[in-house]
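The values are calculated or read from the model by the stated rules, or taken from the named source; none is laboratory data. Small disclaimer: the values here were computed from a predicted structure and weren't measured. As a convention, Cβ positions derive from the backbone with ideal geometry for all residues, glycine included, and neighbour counts pool all protein chains shown.
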Amino acid sequence: MSESHSLDSEQVAHLAELARIALTEDEIKKLSGELSVIIDAIAKVSEVATPDVPATSHPIALQNVFRPDVPGKTLTVEQALSGAPEREGDRFKVSAILGEEQ
Amino acid sequence: MSEQTELMDFDKAIELFEPVLGFEVHVELNTKSKMFSDAPNPASAEGEAAAQEPNTMVTPVCLGLPGSLPVVNEQAIRFSISLGLALGCEIAPSSRFARKNYFYPDLAKNYQISQYDEPIAHDGEVSIELADGRSFRIQIERAHMEEDAGKLTHVGGSTGRIQGADHSLVDYNRAGVPLVEIVTKMITGTEGSAPEVARAYVSAIRDIVLALGISQARMERGNLRCDANVSLSPRGSGKLGTRTETKNVNSLRSVERAVRFEIQRQAAILHGGGTIVQETRHWHEDTGMTSPGRPKSDADDYRYFPEPDLLPVEPSKELIDELRAALPEPPAVRRKRLKEAWGFTDLEFQDVVNSDLLVEIEQTVAAGATPAAARKWWTGEIARIANADGVDAASLVTPAQVAELSKLVDSGELTDRLARQVLEGVIAGEGSPAEVVQKRGLKVVSDDSALIAAIDKALADQPDILEKIRGGKVQAAGAIIGEVMKQMRGQADAARVRELVLERAESLR
């Protein structure tokens with residue numbers, strides 16, 4: 001059971017690339033072990049899930065929670081940019097990221 | 001773009017390969033507020049102007065700030081269901097939002113809220129008509145709801161694109177704008193009409209969302225965006241080719257051109273023994289070419305999972321029935337009704353349909369222009385300018401502006417010639433027709449005394465012509481009319497000038 005959920009180094013490296021996090025070989029090795037432990041721990045849940053328990057994305061049986069289409073208050077530009085590590089004019093400044101819009 | 005792109009002659013490409021198409025059309029809904037937050041929506045009629053200033057239409061939800069939670073906009077759900085129904089889709093009794101995870105700063109959360117395996121609408125059909133009257137049925141796979149992303153400006157690159165840029169600037173006004181993405185099934189059998197089918201399909205979607213009133217649908221502003229998938233299957237092989245997805249296609253004209261270009265490009269590569277790379281390609285309006293973007297990643301790279309911050313959407317049968325009952329008439333019925341109401345000949349009406357300006361003309365008539373005048377302006381002068389500039393006519397002026405212009409002509413305040421100058425001014429962004437008339441001083445001289453003074457002077461200057469007119473040679477008046485129009489800098493009604501010339505010639509006897 002636990003073996004089938006383990007992450008190998010290749011998968012960790014792939015995830016790191018998707019998340020745009022640079023990892024060293026040592027870090028990848030270390031994380032493969034740590035993440036596998038976490039995944040295996042979470043996988044225990046599926047051991048108690050019997051076929052009569054339907055899959056759910058939410059613990060509360062609610063649906064159709066909506067808000068009326070009424071515009072409210074926005075942040076000011078200063079508030080919006082207050083947490084920005086860098087800004088240029090009234091825009092967030094980010095380092096050029098390789099890749100394209102999704 | 002330094003690459004040399006080899007193209008095969010289009011007819012030859014169709015002879016050797018069967019084109020297979022697929023489209024993803026994104027529609028920005030024009031709700032007053034955003035999809036998951038109460039920030040005003042820059043894609044609404046009210047929000048467009050305010051969106052010019054960056055980061056002025058954002059809330060903590062748009063910025064993905066810690067502790068902020070999304071709540072679904074009810075109107076966006078209603079609009080999405082209406083659109084699904086108009087596309088002939090089934091509406092899912094239960095649908096869910098999902099997180100599409102990717103790391104790119106156009107969304108601050110590192111994921112986009114979208115729908116994955118449980119879209120709100122699925123399995124529909126749209127009927128489209130080509131210029132020659134043939135019709136095609138396009139099968140719709142699904143229509144799902146999601147949020148739009150922010151806008152990035154790349155700085156430092158020579159072309160304003162990501163390659164070579166030092167850094168990028170982000171405006172999150174557009175982040176969270178409600179979108180519906182409409183995905184077709186594979187479209188085969190279009191043969192040489194593939195580019196035309198592409199255009200007609202996007203035009204049909206545009207007509208549907210305009211008739212529903214759920215989007216501003218201005219392609220040049222990105223309210224309606226098309227990604228075109230194209231692949232080629234060698235004839236007789238029975239095998240599907242590798243597809244490319246061309247993004248960034250922002251006008252009906254470009255949709256047609258981009259599909260044609262991809263067919264010719266892929267055919268040249270395949271015929272030369274090469275292979276097609278499955279990738280995203282970018283359309284360049286200026287060069288009429290596509291260029292390679294990123295290789296297409298596999299769907300599970302996005303690590304979709306159900307959005308835990310949102311609850312399932314389960315529209316009641318009553319709501320669906322209510323929205324179904326409120327749907328506008330189907331396009332074919334509508335065309336028949338309009339043709340009769342406007343009293344156009346078959347030829348005139350086909351002209352309107354082929355120009356993709358039916359909605360604009362309908363709205364212009366609704367705004368008070370006569371059907372004949374609306375048709376004349378849109379398919380005439382406006383289409384001519386659009387064609388010369390390589391843009392869609394609908395992007396140049398609004399129906400309300402055309403109606404106003406047409407009314408100024410009807411009331412005699414403008415001649416056709418002056419009206420064309422006013423139109424130029426409106427297109428150049430100088431304001432409404434009335435404002436352009438004011439600013440450019442283009443009003444018709446309707447003051448008879450000014451005209452009479454000019455006429456009397458012209459007659460006195462050319463006594464020989466005066467004699468001819470008196471002698472019954474009415475056509476001689478043309479020289480005087482011409483002179484007076486010149487004096488008035490064209491700002492007089494020629495018919496009125498003619499009347500007055502004949503009157504004055506008589507009275508000076």
For this session: Mind telling me which of the residues B:Thr246, B:Thr280 ends up being touching a Cys at 6+ places or on another chain (Cβ under 9 Å) and within 14 Å of chain A (Cβ to nearest Cβ)?
Result: B:Thr246
Problem set entry | B:Ser94 at the interface with another protein chain (Cβ under 9 Å from one of its Cβ atoms) and either buried (at least 21 other Cβ atoms within 10 Å of the Cβ) or closer than 25 Å to A:Leu62 by Cβ (or both) | yes
Exercise. Can you tell me which residues in segment B:438-461 are touching an Asp or Glu at 6+ places or on another chain (Cβ under 8 Å), surrounded by 13 or more Cβ atoms within 10 Å (Cβ to Cβ) and without any contact (Cβ under 8 Å) to a residue 24 or more places away in the chain?
Worked result: B:Arg440
Problem set entry | B:Gly133 vs. criteria in contact with a Lys or Arg (Cβ under 8 Å, 6 or more places away or on another chain), more than 11 Å from chain A (Cβ to nearest Cβ), of a type outside the set (Val, Ile, Thr) and on the phi > 0 side of the Ramachandran plot | no
Exercise. Is segment B:420-431 home to any residue that is surrounded by fewer than 18 Cβ atoms within 10 Å (Cβ to Cβ) and either touching a strand residue (DSSP E or B) at 6+ places or on another chain (Cβ under 9 Å) or in contact (Cβ under 8 Å) with a residue 60 or more places away in the chain (or both)?
Worked result: no
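For segment B:1-51, what are the residues that are farther than 27 Å from B:Asn223 by Cβ and part of a helix (DSSP H, G or I)? Steps first, answer last, please.
From segment B:1-51, those farther than 27 Å from B:Asn223 by Cβ are B:1-20; that's our starting set.
Within segment B:1-51, B:Phe10, B:Asp11, B:Lys12, B:Ala13, B:Ile14, B:Glu15, B:Leu16 qualify.
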Exercise. Consider B:Asp301 against the criteria (1) in a helix (DSSP H, G or I); (2) closer than 28 Å to B:Leu87 by Cα; (3) within 14 Å of another protein chain (Cβ to nearest Cβ): it satisfies all of them except one. Which criterion is unmet?
Worked result: (2)
Exercise. Which one of the conditions (1) crowded, with 19+ Cβ neighbours inside 10 Å; (2) facing chain A (nearest Cβ under 10 Å); (3) modelled with pLDDT of 95 or more does B:Gly47 fail to meet, given that it meets all the rest?
Worked result: (3)
Exercise. Taking interchain pairs and intrachain pairs at least six residues apart, which have beta carbon atoms under 6 angstrom, with the first residue in segment B:369-389 and of a type in the set (Phe, Trp, Tyr) and the second part of a helix (DSSP H, G or I)?
Worked result: B:Trp377/B:Val402; B:Trp378/B:Glu360; B:Trp378/B:Ile361
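Can you find a residue that is in contact with a strand residue (DSSP E or B) (Cβ under 6 Å, 6 or more places away or on another chain), assigned by TED's automatic domain parsing to the domain that holds B:Pro60, of a type outside the set (A, V, I, L, M, F, W, C) and at positive phi anywhere in segment B:113-127? Give the derivation first.
So in segment B:113-127, the residues in contact with a strand residue (DSSP E or B) (Cβ under 6 Å, 6 or more places away or on another chain) come out as B:113-116, B:118-127.
Cutting the leftovers down to assigned by TED's automatic domain parsing to the domain that holds B:Pro60 gives us B:113-116, B:118-127.
Checking the rest, the ones that are also of a type outside the set (A, V, I, L, M, F, W, C) come to B:114-116, B:118-119, B:122-125, B:127.
With at positive phi added as a condition, the list becomes B:123.
Yes, there is a match, as at least one residue in segment B:113-127 is in contact with a strand residue (DSSP E or B) (Cβ under 6 Å, 6 or more places away or on another chain), assigned by TED's automatic domain parsing to the domain that holds B:Pro60, of a type outside the set (A, V, I, L, M, F, W, C) and at positive phi.
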Seminar exercise, completed: Taking segment B:64-113 and keeping only residues that are assigned to a loop (DSSP other than H, G, I, E, B) and over 22 Å from A:Val65 (Cβ atoms), one is left with B:Leu87, B:Gly88, B:Cys89, B:Tyr102, B:Phe103, B:Tyr104, B:Pro105, B:Asp106, B:Leu107, B:Ala108, B:Asn110
For this session: Residue by residue through segment B:108-125, note down the ones that are under 22 Å from B:Thr31 (Cβ atoms), modelled with pLDDT under 95 and facing another protein chain (nearest Cβ under 9 Å).
Result: B:Ala108
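From the list B:Arg225, B:Arg174, which residue is touching a helix residue (DSSP H, G or I) at 6+ places or on another chain (Cβ under 9 Å), assigned to a strand (DSSP E or B), within 14 Å of chain A (Cβ to nearest Cβ) and closer than 30 Å to B:Val313 by Cβ? Don't jump to the end; show me each part of the working.
Working: B:Arg174 fails: assigned to a strand (DSSP E or B).
When all the criteria are applied, what remains is B:Arg225.
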Exercise. Which residues, taken from segment B:230-267, are in a loop (DSSP other than H, G, I, E, B) and not hydroxyl-bearing (Ser, Thr, Tyr)?
Worked result: B:Arg235, B:Gly236, B:Gly238, B:Lys239, B:Leu240, B:Gly241, B:Arg243, B:Asn250
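Could you pull out every one of the helices (runs of 4 or more DSSP H) wholly within segment A:1-86 that has 3 or more residues that are more than 8 Å from chain B (Cβ to nearest Cβ) and of a type in the set (A, V, I, L, M)?
Details: elements: A:2-5, A:9-18, A:25-48, A:77-81.
Those helices (runs of 4 or more DSSP H) span A:9-18, A:25-48.
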